[in-house]
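The values are calculated or read from the model by the stated rules, or taken from the named source; none is laboratory data. Just so it is clear, the model here is predicted, and its values are computed rather than measured. Positions of Cβ are backbone-derived with ideal geometry, glycine not excepted, and every protein chain shown enters the neighbour counts.
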Amino acid sequence: MADIRNIVILTGAGVSAESGIDTFRDAGGLWEQHRVEDVATPEAFARDPDLVLRFYDMRRAAIQEKLPNAAHEALGRLDREWPGDLLIVTQNVDDLHERGGAHRVLHMHGTHLNAWCMVCDLRSRWTRPLIDRPPCPGCGERALRPDVVWFGEMPYEMERIYAALRRADLFVSIGTSGAVYPAAGFVRDARDLGVQTLELNLERSQGSAWFHETRLGPAGELVPAWVD
Ligand code: BJW
């Protein structure tokens, strides 16, 4: 990494798999017989809010019990020690990067820590099950939803991500299937910008052919080996 100064790291569900958090598209990818595309949309929420709120209350409870794994911890070390620009763009709504010691983290698909009020737009700490319809601490309306990005919604902080990609010397993708845009397009954006690209994943992602280099294996082994 001698000639590398600025790094953008994209992470997906595979980086948290060894912490015991299910990925979206492996092993059937179903939750109570529903595909992720059927619960993670505004249309699904409008059609059956109880189903969607139960799904997210369950996921939030599961995430809280999990611990960072060796991949999160290695990225935490890299973040603390890397002197140049570094941005970990995670598609994950869990907070395992932060609990693994990383600070330069951007949650492009939102966070399980926050609820979002559909009436007054306030983001507040998500402390009680949303299925119980707790009131918004700002306006008092019982109109809270998870602060996550569903299909058809705009991911967060896209301008900041593209600005980091424009400055980057290296783009690393870890544990993501490359099935969901715009994150799946970052490798092509990076290539167009002349950025070096590296994929660390259990299996080849859909965009694997775009990477200069792919290393296959579990993130808990590949990421520390790359960082240290
Ligand atoms: C391991 C491992 C181990 C396992 N170690 N690896 C046609 C073409 C292009 C785009 C579209 C299209 N039709 C519709 C769209 C747009 C749509 C989209 O991409 N749809 C696809 C289905 C085609 N995208 C959107 O709607 C997005 N918004 C948007 O595009 O706005 C317009 C826009 C335009 C231009 C610029 C900007 C914006 C929003 C997408 C929101 C996705 N939301 C979700 C839910 C978030 C909340 C929640 O968590 O519940 O995000 S869906 C779900 O998928 C979640 C994930 O973040 C995301 C990606 O999944 P991920 O992380 O890749 O997980 P998996 O399971 O797919 O893969 C895991 C990988 O890990 C696998 O490869 C395993 O092998 C590997 N692995 N164990 C290492 N131990």
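Among residues belonging to the range 32-65 that are part of a loop (DSSP other than H, G, I, E, B) and farther than 23 Å from W116 by Cβ, point out the one that is nearest to the ligand (Cβ to nearest atom).
Step one: of the range 32-65, the residues part of a loop (DSSP other than H, G, I, E, B) are 32-33, 40-41, 48.
This time we only want the ones that are farther than 23 Å from W116 by Cβ, so: 32-33.
Numbers: E32: 14, Q33: 17 Å.
The selected residue is E32.
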(request) Scan the range 9-31 for residues that are of a type in the set (V, I, T) and either part of a helix (DSSP H, G or I) or at pLDDT below 75 (or both) and report the count. (result) 1
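Can you find, within the range 191-226, the residue that is surrounded by the most Cβ atoms within 10 Å (Cβ to Cβ) among those that are more than 9 Å from the ligand (Cβ to nearest atom) and over 17 Å from A168 (Cα atoms)? If you could, list the steps in order and put the result at the bottom.
Within the range 191-226, the subset more than 9 Å from the ligand (Cβ to nearest atom) is 191-199, 207-215, 224-226.
Then keep just the ones that are over 17 Å from A168 (Cα atoms); that gives 207-209, 214-215, 224-226.
Details: G207: 21, S208: 15, A209: 9, T214: 17, R215: 14, P224: 17, A225: 12, W226: 18.
Applying the filter and picking the extreme gives G207.
Which members of the range 71-96 meet the condition of being among the β-branched types (V, I, T) and closer than 16 Å to L200 by Cβ?
I88, V89, T90 - these are the residues of the range 71-96 that are among the β-branched types (V, I, T) and closer than 16 Å to L200 by Cβ.
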(message) I'm told R59 meets every condition in (1) under 17 Å from the mean Cα position of the chain (by Cα); (2) surrounded by 15 or more Cβ atoms within 10 Å (Cβ to Cβ); (3) assigned by TED's automatic domain parsing to the domain that holds L200; (4) not aromatic (F, W, Y) except one. Can you identify the failing condition by its number?
(response) (3)
(request) Could you please tell me which pairs satisfy a Cβ distance under 6 Å, a separation of 6+ or placement on different chains, a first residue in the range 40-60 that is under 15 Å from D132 (Cα atoms), and a second residue that is surrounded by fewer than 17 Cβ atoms within 10 Å (Cβ to Cβ)? (result) L53/I131; R54/I131; D57/P129; D57/I131
(message) Being more than 10 Å from the ligand (Cβ to nearest atom), surrounded by 18 or more Cβ atoms within 10 Å (Cβ to Cβ) and not aromatic (F, W, Y): is that true of I88 here?
(response) yes
